[in-house]
Amino acid sequence: RMYSLWSGVGAQKIHQWPATKLQVAGSQLFLECSTEGISEPNLYWYHQPLGGGLHLLTYSISINHVENEMPHRFSSLRSRNTLFQLSSQKLFVNDSGFFFCAWSLTLNGVRHITVQ
């Protein structure tokens, strides 16, 4: 049997600011996501409408490399490795719900150990 272990991953933290926000339709949105203890993470912003499933809005694999899934509605910026910002110029009522920031590891900086 072969077992795979991932090493080099310590205590990681992700912070989303603000934690709670109430806005009116037509207003602008600005959210920030920051990470600690994560080397070169992939970062993601998701939206979950009330009573609905998660929808990917945008993701980034490195500084200044951002892919927007809904470019006409939301934009994002990653100017530092640990900071990922989400914004919208105009919110609509159907934007109500939850916005989530998430991360995943890239294979850079993570050592893969195979145990036989």
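See the values below:
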{"read-out": "Region 94-116 - residue that is part of a loop (DSSP other than H, G, I, E, B) and β-branched (Val, Ile, Thr) and, of those, modelled with the lowest pLDDT", "value": "Val110"}
{"read-out": "Test for Ala19: is it more than 16 Å from the chain's Cα centre (by Cα) and under 24 Å from Gln89 (Cβ atoms)", "value": "no"}
{"read-out": "In region 7-35, the residues that are outside any loop (DSSP other than H, G, I, E, B) and either surrounded by 11 or more Cβ atoms within 10 Å (Cβ to Cβ) or without any contact (Cβ under 8 Å) to a residue 12 or more places away in the chain (or both)", "value": "Ile14, His15, Gln16, Trp17, Leu29, Phe30, Leu31, Glu32, Cys33, Ser34, Thr35"}
{"read-out": "Filter result for Glu40 (closer than 27 Å to Ala11 by Cβ, outside any strand (DSSP E or B) and of a type outside the set (Ser, Thr, Tyr))", "value": "yes"}
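Condition check ((1) polar (S, T, N, Q); (2) within 20 Å of Leu83 (Cα to Cα); (3) modelled with pLDDT under 90) across all residues:
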{"residue": "Gly10", "(1), (2), (3)": "no, yes, yes"}
{"residue": "Ala19", "(1), (2), (3)": "no, yes, yes"}
{"residue": "Gly26", "(1), (2), (3)": "no, no, no"}
{"residue": "Phe30", "(1), (2), (3)": "no, yes, no"}
{"residue": "Gly37", "(1), (2), (3)": "no, yes, yes"}
{"residue": "His47", "(1), (2), (3)": "no, yes, no"}
{"residue": "Ile63", "(1), (2), (3)": "no, yes, no"}
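The values are calculated or read from the model by the stated rules, or taken from the named source; none is laboratory data. In this text the structure is predicted, and so the values were computed from the model without any measurement. Cβ coordinates were reconstructed from backbone atoms using ideal geometry, including for glycine residues, and neighbour counts include every protein chain displayed.
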